[in-house]
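Below: one structure, written as structure tokens.
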Amino acid sequence: MGRWLRPESPDGRKVVERVACEGLVNAMPSSLAQQVRDTLIRTCRASSTPWSASWRSSDLGVRKACSLEPQGRAATPSPSTRCRSASQSQREAGSAAVSSVARPPPAAKLPHHTPEPMDCSWTSSESCAAAIISGTELAKQIHKEIQRDVSELLCQSNTRPHLSVILVGDDPASHSYVKNKTKTAAALGISSETLIKPTNVTQEELLELIDKMNRDWKVSGLLVQLPLPEHISERAVCNAVAPEKDVDGFHIVNVGKLCLDQKSMIPATPAAVWEIIKRTGIDTFGKNVVVAGRSKNVGLPISMLLHTDGRHERPGGVPRLITGDMVKEGATVIDVGINRIEDPKTGKTKLVGDVDFEEVRKKASFITPVPGGVGPMTVAMLMKNTVYAARNLLTH
């Protein structure tokens with residue numbers, strides 16, 4: 001590791017600054033972190049050219065950032081270094097203050113500062129960017145867990161989990177969503193089928209089909225792709241699905257259990273948001289949370305999961321509704337919106353969320369993109385619900 005951090009190498013300075021700037025030291029195991037710290041110190045001291053070193057502190061621990069500037073010129077911290085220190089401090093402390101930077105001579109002992117957050121308000125907006133949460137990568141973690149669960153079920157001589165999807169009409173978006181779900185199911189070892197009904201199917205015919213699927217012991221999970229044609233009551237259809245097979249979590253029994261904090265099927269999109277928060281290590285305790293959207297299938301369950309009262313909700317479903325001036329510095333922004341707009345550059349249709357991504361990412365500490373954020377996590381949680389339903393059926 002020492003040779004990678006040598007300032008004599010062409011990329012030596014970049015590596016040293018990157019280690020300090022991105023807080024990589026603090027994310028390492030303690031033994032490795034100490035080794036890296038020692039290497040950074042030796043690197044700054046052992047160079048043949050007099051180097052000045054600046055030690056920065058934050059509430060996550062003391063950072064050593066070797067600026068590698070010849071003595072005689074003030075060692076100025078790079079904007080990205082100060083910005084990253086500040087954004088990480090804000091995540092923990094919720095506020096920012098200016099931190100004094102000690103600049104001892106190269107041979108001096110390391111000073112021990114009391115950790116305090118730093119201010120990056122002076123830096124350019126481009127350098128204060130949020131850490132992008134990749135729902136695609138998190139979904140891969142969940143996929144591995146699901147594959148393991150499916151293997152365990154099969155090793156115990158149980159039936160392979162099976163997902164049945166009822167698709168009504170010819171809406172392109174709905175067909176695309178269903179195709180993605182069944183494709184993911186196949187990749188995870190979950191069998192599936194799609195039952196397609198015409199737009200003019202009657203509500204009675206649809207309810208009869210749902211009842212048939214409820215009584216089929218081979219079906220572990222059942223969902224009816226929404227939205228439905230106007231002549232069909234979505235609430236009646238959602239309530240017709242057996243609660244133990246309701247992988248969408250829309251049945252009134254599952255919604256009620258969720259509100260009472262009882263074990264139940266959690267709707268896939270709210271479950272995806274909650275899983276993103278947990279797996280990213282974002283602390284929500286004592287924080288003010290804004291849920292932009294009043295829908296019963298997304299906004300309400302998210303509010304229940306976060307234990308908020310929903311009094312500050314705003315309607316969603318508008319491209320780039322949430323702008324940079326509406327977001328607090330260091331906030332965590334998880335975008336559930338899916339909107340199709342025309343790309344002015346290519347003329348093609350593209351997906352965007354309810355958040356102005358490029359503007360908000362300059363102020364937020366974490367942000368999910370669209371696509372590639374909540375979407376793949378939603379499908380992953382749907383598969384997880386299917387396996388959960390398969391396990392439940394073993395006790396019925």
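Couple of notes before you dig in:
- Scanning segment 188-225 for residues that are of a type in the set (Ser, Thr, Tyr) and either within 36 Å of the chain's Cα centre (by Cα) or under 10 Å from Ile166 (Cα atoms) (or both) yields Ser191, Ser192, Thr194, Thr199, Ser220.
- Tabulated pairs, segment 369-396, first closer than 16 Å to Ile277 by Cα and at pLDDT 90 or above, second in a loop (DSSP other than H, G, I, E, B) and of a type in the set (A, V, I, L, M), C-beta under 6 angstrom, 6+ apart or interchain: Val374/Val336
- Note on segment 379-396: residues that are open to solvent by 30 Å² or more (accessible area, probe 1.4 Å) and in contact with a Gly (Cβ under 9 Å, 6 or more places away or on another chain) total 1.
- Segment 249-273 residues that are under 18 Å from Gly293 (Cα atoms), paired with ones that are open to solvent by 20 Å² or more (accessible area, probe 1.4 Å) and aromatic (Phe, Trp, Tyr) (beta carbon under 7 Å, 6 or more apart): Pro267/Phe250
- Within segment 304-324, residues that are closer than 10 Å to Gly293 by Cα and open to solvent by 30 Å² or more (accessible area, probe 1.4 Å) have Cβ atoms under 7 Å from residues that are in a helix (DSSP H, G or I) and modelled with pLDDT of 50 or more in these pairs: Glu313/Gly299, counting only partners at least 6 apart in sequence or on another chain.
- Residue list for segment 237-271, restricted to those being part of a helix (DSSP H, G or I) and of a type in the set (Asp, Glu): Glu244
- Test: residue in segment 365-376 that is open to solvent by less than 10 Å² (accessible area, probe 1.4 Å) and part of a strand (DSSP E or B): yes
- For Leu228: the one exception among (1) crowded, with 21+ Cβ neighbours inside 10 Å; (2) in contact (Cβ under 8 Å) with a residue 60 or more places away in the chain; (3) under 24 Å from the mean Cα position of the chain (by Cα): (3)
- The numbered conditions (1) within 17 Å of Asn385 (Cβ to Cβ); (2) not in a helix (DSSP H, G or I) are all true for Val178 except (2).
- Single condition Val178 does not satisfy, out of (1) out of contact with any Lys or Arg (no Cβ under 8 Å at 6 or more places or on another chain); (2) hydrophobic (A, V, I, L, M, F, W, C); (3) free of Cβ contacts under 8 Å to residues at least 40 places away in the same chain: (3)
- Top-ranked residue of segment 150-160 - restricted to ones that are in contact with a helix residue (DSSP H, G or I) (Cβ under 7 Å, 6 or more places away or on another chain) and within 10 Å of Gly189 (Cα to Cα), ranked as most open to solvent (accessible area, probe 1.4 Å): Arg160
- Every condition in (1) modelled with pLDDT under 95; (2) open to solvent by less than 70 Å² (accessible area, probe 1.4 Å); (3) touching a helix residue (DSSP H, G or I) at 6+ places or on another chain (Cβ under 9 Å); (4) of a type outside the set (Gly, Ala, Ser) holds for Tyr177 except the one numbered (2).
- Checked against the criterion of being surrounded by fewer than 18 Cβ atoms within 10 Å (Cβ to Cβ) and at pLDDT 90 or above, the candidates Glu359, Glu342 yield just one match: Glu359.
One line per residue, one yes/no per condition, for (1) outside any loop (DSSP other than H, G, I, E, B); (2) open to solvent by 40 Å² or more (accessible area, probe 1.4 Å):
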| site | (1), (2) |
| --- | --- |
| Asn200 | no, yes |
| Leu206 | yes, no |
| Met213 | yes, no |
| Leu222 | yes, no |
| Ile232 | no, no |
| Arg235 | yes, yes |
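- Condition check for Gly256: over 30 Å from Thr202 (Cβ atoms) and modelled with pLDDT under 90: no
- Some residue of segment 251-274 being in contact with a Ser or Thr (Cβ under 9 Å, 6 or more places away or on another chain), open to solvent by less than 20 Å² (accessible area, probe 1.4 Å) and among the hydroxyl-bearing types (Ser, Thr, Tyr): no
The values are calculated or read from the model by the stated rules, or taken from the named source; none is laboratory data. All values derive from a computational prediction rather than experimental measurement. Cβ coordinates were reconstructed from backbone atoms using ideal geometry, including for glycine residues, and neighbour counts include every protein chain displayed. When the accessible area is computed, the model is the full protein with side chains, heavy atoms only, and any ligands, DNA or RNA have been set aside. Shrake-Rupley method; radii C 1.70, N 1.55, O 1.52, S 1.80 Å.
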